[in-house]
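Encoded as structure tokens, the structure appears first; notes follow it.
Here, each number is a calculation from the coordinates, and none is a lab measurement. Since the structure is predicted, the reported quantities are computational estimates derived from the model, not experimental observations. Here the Cβ positions follow ideal geometry from the backbone for every residue, glycine too, while neighbour counts run over all protein chains shown.
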Amino acid sequence: MQSRQVSLFPTPIEDDSRLRIRSAVDDFLEEVQFTRQRRTWRGYRVSLGYFQESCDKCLLEEIERKDLLRFAAFLRDTKKLAPRTVHNKFADVLTFLQAQGMPKLIGKNDHPRFIEQEVDIYEDDELSKLHAICSPYHSTLYDFFLMSGFREQEATSGTGIEFFDSQSKDRLWQMRPRQDRFTAKPPSGGSQRQEFSRCS
């Protein structure tokens with residue numbers, strides 16, 4: 001009859017209450033998808049995907065300063081991203097960690113650095129060539145951004161925008177942007193109001 005050996009040191013039961021990085025990321029992205037623009041959600045999804053690719057930790061509480069420094073190097077050396085992009089994706093991960101209640105892991109000097117590049121200026125003849133090959137939708141859209149100085153997010157949240165000549169005070173355009181289209185009403189004497197959709 002064989003004797004049954006009983007271990008005096010039983011195998012410890014894994015603590016399932018500790019939050020795993022993958023689960024935390026999934027929950028965070030789900031919340032962002034419900035509360036933010038789709039473009040913001042896509043950005044976080046890519047950034048956090050890269051972080052999980054560079055980090056070999058499983059539990060959220062195991063993340064430490066060197067994991068973040070390794071992540072910045074991974075973006076720069078493995079993904080070959082530009083310094084500004086590295087900075088932005090690094091900031092995305094910090095936002096994620098802050099949302100999880102994680103303590104501050106890095107100092108000010110640990111953040112990836114970048115140099116602001118000088119913005120290219122397009123001359124009138126270059127803009128004319130651009131408009132010559134644009135669809136009516138994109139031609140009017142470029143005029144809208146040029147005259148308003150708005151960024152896309154500012155434009156999509158607008159309800160009614162009018163442009164006036166600074167000298168004569170005549171109305172140049174009346175534009176009403178919506179989520180998928182906008183209307184453009186030229187000045188008096190011009191053509192009739194046009195409505196453009198993204199597929200125009």
Problem - Placed amide H near residue 20: partners under 5 Å, 5+ positions off or other chain - result: 60
Problem - Sequence-separation-based contact order of region 35-137, relative, with Cα cut under 8 Å and 6+ spacing, percent - result: 27 percent
Exercise for the section: Take each of the peptides 141-151, 33-43, average the number of other beta-carbon atoms within 10 Å over its residues, and list them starting from the highest. Expected result: 141-151, 33-43
Exercise for the section: Any chance you could count the Lys pairs in region 41-124 whose alpha carbons are under 21 Å apart, treating pairs 8 or more apart or on different chains as valid? Expected result: 13
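Taking 25 Å as R0, compute the FRET efficiency from the Cβ-Cβ separation of residue 79 and residue 130 and round it to 0.05.
0.20
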Fill in the blank from the handout: Here FRET efficiency (C-beta to C-beta, residue 27 to residue 62, R₀ 22 Å, nearest 0.05) is 0.80
